[in-house]
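Chemist: Mind having a look at this structure? Questions to follow.
The values are calculated or read from the model by the stated rules, or taken from the named source; none is laboratory data. Computed from a predicted model, the values in this text were never measured in an experiment. Using ideal geometry, Cβ is built from the backbone for each residue, glycine included, and neighbour counts are taken over all protein chains shown.
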Amino acid sequence: MLRRRPIVLIIDETGDQKKGNKTDYVKRQYIGNLGKTDNGRVAVTAYAVLSGMTFPLMFEISKPRERLQPGDKYLTKPEIAARMMRELQSMGFRFNLVLADSLYGESGTNLIQVLNELNLNFLVAPR
């Protein structure tokens, strides 16, 4: 069973370009796969790496403060990632290493504090 085997956890965000503003949570923001700022929607994703295979475990749309809907709560991408890691741990997943890019280590809400709190091994890319 996967939950009993330690995995490498990758935290990353993925953006999709969107035209117009009818789609929920679309705003002008950096879209990594485009390499530029454009109109789009971004999700934070937790991927597992096990035995050379990479697969998604969980994702959550990042909800820009300006586009919140009634009942929404604003969370930064690092706050979303921290919540995901805690939820995955509560589901029984074990991480032998967590990988993330510089967004998560250099933000105002520092994910490194959470990684240390959870006593996890990690590698966060510098800017």
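Okay, residues lined up against (1) exposed (fewer than 15 other Cβ atoms within 10 Å of the Cβ); (2) of a type in the set (Lys, Arg):
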| site | (1), (2) |
| --- | --- |
| 65 | yes, yes |
| 92 | yes, no |
| 97 | yes, no |
| 103 | no, no |
| 113 | yes, no |
| 125 | yes, no |
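Chemist: Within region 26-56, which residues are assigned to a loop (DSSP other than H, G, I, E, B), surrounded by 11 or more Cβ atoms within 10 Å (Cβ to Cβ) and over 16 Å from the mean Cα position of the chain (by Cα)? Give the derivation first.
Modeler: Residues of region 26-56 assigned to a loop (DSSP other than H, G, I, E, B): 26, 32-35, 51-52.
So of that shortlist, the ones also surrounded by 11 or more Cβ atoms within 10 Å (Cβ to Cβ) come out as 26, 32, 34.
Correct list: 26, 34.
Chemist: Between residues in region 17-32 that are more than 16 Å from residue 45 (Cβ to Cβ) and free of Cβ contacts under 8 Å to residues at least 24 places away in the same chain and residues that are surrounded by 16 or more Cβ atoms within 10 Å (Cβ to Cβ) and of a type in the set (Gly, Ala, Ser), which pairs lie under 6 Å by C-beta distance while being six or more apart or on different chains?
Modeler: Pairs found: 17/40; 18/40.
Chemist: Next question. If I go through region 1-16 residue by residue, how many of them are without any contact (Cβ under 8 Å) to a residue 12 or more places away in the chain and under 18 Å from residue 77 (Cβ atoms)? Steps first, answer last, please.
Modeler: Start the filter on region 1-16 by keeping residues that are without any contact (Cβ under 8 Å) to a residue 12 or more places away in the chain, which leaves 1.
Still in the list and also under 18 Å from residue 77 (Cβ atoms): none.
The number of residues fulfilling the criteria is 0.
Chemist: Out of curiosity, is residue 23 in a strand (DSSP E or B) and either polar (S, T, N, Q) or more than 25 Å from residue 69 (Cβ to Cβ) (or both)?
Modeler: Taking the combined requirement at face value, the residue does not satisfy it.
Chemist: Given the residues 75, 97, which is the only one that is hydrophobic (A, V, I, L, M, F, W, C), in contact with a strand residue (DSSP E or B) (Cβ under 6 Å, 6 or more places away or on another chain) and at pLDDT 90 or above? Reasoning before the result, please.
Modeler: Numbers: 75 fails: in contact with a strand residue (DSSP E or B) (Cβ under 6 Å, 6 or more places away or on another chain).
Exactly one residue qualifies, and that residue is 97.
Chemist: Kindly provide the set of residues from region 45-98 that are farther than 19 Å from residue 119 by Cα, free of Cβ contacts under 8 Å to residues at least 24 places away in the same chain and of a type in the set (S, T, N, Q), ordered by number.
Modeler: Across region 45-98, the qualifying residue is only 51.
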